[in-house]
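These notes are about the structure you will find just below.
The values are calculated or read from the model by the stated rules, or taken from the named source; none is laboratory data. None of these values were measured; they are calculated from a predicted model. Note that we place each Cβ from the backbone using ideal geometry, even for glycine, and neighbour counts take in every protein chain shown.
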Amino acid sequence: MDKAAYHKRWDQLEQMQREYSNLPESGVENVEALHKMLINTFREFVVACYCDHWREAYRGDAFPLDADRDVLIARSIKAHHWTPGIATSLSSYDLALSLIDELATFTLTEMAVHVSYMNLQALPKADYQALIQPHE
């Protein structure tokens, strides 16, 4: 994935988080709410990059995984030996949470790390470094 695609993915996730948090696109006065939104966007970005990685790894298989949710279901089935019925009954958040060990140690591509650093500048430096460094 190129830089523009990572930026586009980040922007989509950030927009969803802004809407969820009822934050305007600019001029945010509530710094705490802004920081929380950015942290949540980064977490969603890690999940999205994780899904991109596994989608690419499974590409060409008989069962293409087009949606991020499909990837989370497949990885949860593999990791926990769940039946498809159990995995599909869970929310995407619960599926990601069930993969916390994999997500916590997932290494982002160099370009994804760069995009993360660029978009987390509103956080204190120590905070955004602590978020990103485990994924470098």
(request) Output the residue which, of all residues in region 84-136 that are of a type in the set (Phe, Trp, Tyr) and out of contact with any helix residue (DSSP H, G or I) (no Cβ under 6 Å at 6 or more places or on another chain), is surrounded by the fewest Cβ atoms within 10 Å (Cβ to Cβ). (result) TYR93
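Could you please let me know if SER116 is farther than 18 Å from GLU14 by Cα, among the small types (Gly, Ala, Ser) and modelled with pLDDT of 95 or more? If you could, list the steps in order and put the result at the bottom.
Numbers: farther than 18 Å from GLU14 by Cα: no; among the small types (Gly, Ala, Ser): yes; modelled with pLDDT of 95 or more: yes.
The answer is no for SER116.
Can we say ARG75 is touching a helix residue (DSSP H, G or I) at 6+ places or on another chain (Cβ under 8 Å) and in a helix (DSSP H, G or I)? If you could, list the steps in order and put the result at the bottom.
Working: touching a helix residue (DSSP H, G or I) at 6+ places or on another chain (Cβ under 8 Å): yes; in a helix (DSSP H, G or I): yes.
Yes.
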(message) Conditions first: (1) surrounded by 16 or more Cβ atoms within 10 Å (Cβ to Cβ); (2) aliphatic (A, V, I, L, M); (3) under 19 Å from the mean Cα position of the chain (by Cα). LEU23 passes all but one, so which condition is the exception?
(response) (3)
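Can you pull out the residues in region 23-55 that are among the acidic types (Asp, Glu) and either outside any helix (DSSP H, G or I) or closer than 16 Å to ARG9 by Cα (or both)?
So in region 23-55, the residues among the acidic types (Asp, Glu) come out as 25, 29, 32, 44, 52.
GLU25, GLU29, GLU44, ASP52 - these are the residues of region 23-55 that are among the acidic types (Asp, Glu) and either outside any helix (DSSP H, G or I) or closer than 16 Å to ARG9 by Cα (or both).
Here's the yes/no breakdown for (1) among the hydrophobic types (A, V, I, L, M, F, W, C); (2) touching a residue at least 12 places away in the same chain (Cβ under 8 Å); (3) in contact with a Lys or Arg (Cβ under 7 Å, 6 or more places away or on another chain):
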| residue | (1), (2), (3) |
| --- | --- |
| ALA5 | yes, no, no |
| ARG43 | no, no, no |
| VAL46 | yes, yes, no |
| HIS53 | no, yes, no |
| ASP68 | no, yes, no |
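Out of the residues in region 26-75 meeting the condition of being hydrophobic (A, V, I, L, M, F, W, C) and exposed (fewer than 10 other Cβ atoms within 10 Å of the Cβ), tell me which one is nearest to the chain's Cα centre (by Cα).
From region 26-75, those hydrophobic (A, V, I, L, M, F, W, C) are 28, 31, 33-34, 37-39, 42, 45-49, 51, 54, 57, 62-63, 65, 67, 71-74; that's our starting set.
Okay, now just the ones that are also exposed (fewer than 10 other Cβ atoms within 10 Å of the Cβ), so 62-63.
Details: ALA62: 26, PHE63: 23 Å.
Only one residue tops the list, namely PHE63.
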(message) When you scan region 57-73, do you find a residue that is at pLDDT 95 or above, more than 23 Å from VAL113 (Cα to Cα) and touching a Leu at 6+ places or on another chain (Cβ under 9 Å), even just one?
(response) yes
(message) For region 7-25, give me each residue that is free of Cβ contacts under 8 Å to residues at least 24 places away in the same chain and either touching a helix residue (DSSP H, G or I) at 6+ places or on another chain (Cβ under 7 Å) or not charged (D, E, K, R) (or both).
(response) GLN12, GLN15, ARG18, TYR20, SER21, ASN22, LEU23, PRO24, GLU25
